[in-house]
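The values are calculated or read from the model by the stated rules, or taken from the named source; none is laboratory data. These figures come from a predicted structure and were not determined experimentally. So basically every Cβ, Gly included, is an ideal-geometry build from the backbone, and we count neighbours across all protein chains shown. Keep in mind that these areas ignore ligands, DNA and RNA; they rest on the heavy atoms of the full protein, side chains included. Shrake-Rupley method; radii C 1.70, N 1.55, O 1.52, S 1.80 Å.
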Amino acid sequence: MQAENVRLVWQILAQLDLPTTPEKRQFGLSQATLFGRLTVTGQVIYDGAHNPAGAQQLANELDRWGLRGHVILILGMLADKDTTAIQAALTPLARQVIGVTADNQRAMLAADFAQQTATLGEAMTQAKQRATATDWIVVAGSFYTIKGVITHGDLASEHDAFI
């Protein structure tokens, strides 16, 4: 968890005046995870990667894992983000890119950045149909994209806790 997020959570916990100790809160925060930060389920990777640094970090990990050219990328971004830099980091690793319009009013329309587009409900099905045995499906660009792919597609029952 990034330091600024940890500080915010720490402040919220302190305001709640829960019957706990600073040591227990620190331990809890050290164990916290966020679905959508390099979350791997089968051969699907979910990573919000909603800014240039996050997209580059994801790209570095995919490259380190030897996945260059073996990625079907489901990408949906918010228009107020640096979409050019996000695409520049992630699309060179992908064999195919399926653009989706994230489930948010600030979403960038998929047709504005991708030749192949799908609805949030169709994206995972299309990616699975196109994937070979050595391909990985990567869902990235926004946490709204991840939530949309999961809730609008065939994965809702697998990730009920996220919804």
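When the residues of region 15-25 are filtered to those that are out of contact with any helix residue (DSSP H, G or I) (no Cβ under 6 Å at 6 or more places or on another chain) and surrounded by 12 or more Cβ atoms within 10 Å (Cβ to Cβ), the one that is modelled with the lowest pLDDT is Thr20. Pairs please, first residue from region 101-114 and in contact (Cβ under 8 Å) with a residue 40 or more places away in the chain, second anywhere and of a type outside the set (Phe, Trp, Tyr) and open to solvent by 80 Å² or more (accessible area, probe 1.4 Å), Cβ atoms under 8 Å, 6+ apart in sequence or on different chains. Going by the 8 Å Cβ cut-off, the qualifying pairs are Asp103/Lys147; Asp103/His152.
Look at region 77-99: where a residue is without any contact (Cβ under 8 Å) to a residue 60 or more places away in the chain and a partner is of a type in the set (D, E, K, R) and surrounded by 15 or more Cβ atoms within 10 Å (Cβ to Cβ), sitting 6+ places away or on another chain with Cβ atoms under 8 Å, you get Arg95/Asp135.
Just to confirm my filter: which strands (runs of 3 or more DSSP E) fall fully inside region 60-149 and include at least 3 residues that are open to solvent by 80 Å² or more (accessible area, probe 1.4 Å)? Those strands (runs of 3 or more DSSP E) do not exist here; none qualify. On the basis of being out of contact with any Phe, Trp or Tyr (no Cβ under 6 Å at 6 or more places or on another chain), in contact (Cβ under 8 Å) with a residue 24 or more places away in the chain and closer than 18 Å to Thr39 by Cβ, does Ala59 make the cut? Judged against the criteria, Ala59 is a match. Please state which of the following conditions Gln116 fails to meet, knowing it meets all the rest: (1) modelled with pLDDT of 95 or more; (2) touching a strand residue (DSSP E or B) at 6+ places or on another chain (Cβ under 7 Å). All conditions are met except number (1).
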